[in-house]
Amino acid sequence: MNTAVRSPIAIEEFDQSYFQHETDEVYALPPACFTSEAFFQFEMNAVWKKQWFCVGRASDIPKAGDFFTFEVGDDALFAIRTREGKINVLSNVCRHRNMLLLEGAGNARRISCPLHAWVYNMEGELVSAPGLKVLRHTDYESGRFTNVFLSFNENTESSLELTYNWDQKDPYEKGQAFGHLALMVNDIHEAVDKLAHSGVRIKTPPKKMNHGQRIIAFVLDPDDYLIELIEPI
């Protein structure tokens, strides 16, 4: 299978870029190399995402908590020295509202979002979200799983739903745990019909829960994140 990344600009056009020694004239790269979004994405995929490159020196962050920030393409990142002495490169964006976590360079005892004070450890894991409350905790013996709804207030119209499988023997790794945004709607059938008519992708049409009586449905947002629609209690 050919997985080569192809340039949107014909290779022949690059042959015209050279330095003529006799006349000291320079023939530059095709102008599109400096203005084309397609060529920019080609460079990102062909070079930056396939090769090792230097973002800084380890000696610049000698102490635990020392960090510096940088960008690669559209990704905001930072390098930080952990308490164990290793260096991690992590996303510099809070998962809540996409706020930048750190700026410039310095030392951080903890990584705290300046917007809502969500706190991350030096492995990039969320360790606290002030104000987040457990709205409901239900154990389903028949399905052998636990269901928890979390929110920042008592308004249950929107919440974060987490599910834990009792029979999971190995520790959960990133991407294994089942979690998604849950939105309460009064008439799920009507809501799904309107969303489908607007072009929203319906992952699971309205149906009863496998281990309950409430009606639920699942839709996908433009980034393929799962959103659950659930009727009121």
Query raised in the report: Which aspartates and glutamates have a Cα less than 20 Å from the Cα of Lys86, not counting those fewer than 8 places away in the same chain?
Result: Asp60, Asp66, Glu123, Glu125
Report summary line: Taking Met122, Met184, Met209 and counting other beta carbon atoms within 10 angstrom, the fewest-first order is Met209, Met184, Met122
Query raised in the report: Quick one: of the DSSP bridges fully inside the chain, what percent are antiparallel, nearest 5?
Result: 95
Report summary line: Across all Cα atoms of region 58-128, Rg and the largest Cα-Cα distance (Dmax), in Å, are 11.3, 32
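Among Cys54, Cys113, Cys33, which comes first, second and so on when ranked by fewest other beta-carbon atoms within 10 Å? If you can, show how the numbers build up before the last one.
Numbers: Cys54 5, Cys113 21, Cys33 17.
Exposure proxy ranking, most exposed first: Cys54, Cys33, Cys113.
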Report task. Give the cross-link partners of Lys133 among the lysines, using a straight C-alpha distance below 23 Å as the criterion and excluding same-chain residues fewer than 8 apart. Result -> Lys174
Report task. Could you pull the Cα extents of the chain along its three principal axes, largest to smallest, in whole Å? Result -> 84, 51, 35
Report task. Could you state the angle between the C-alpha long axis of helix 188-197 and the longest principal axis of the C-alpha atoms of the chain, as a value from 0 to 90 degrees rounded to the nearest 10? Result -> 30
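Just so you know, all these numbers are worked out from the coordinates, no wet-lab data involved. What you see is a predicted model, and the numbers here were worked out from it, not measured in a lab. All Cβ positions, even for glycine, are placed from backbone atoms using ideal geometry, and neighbour counts span all protein chains on display.
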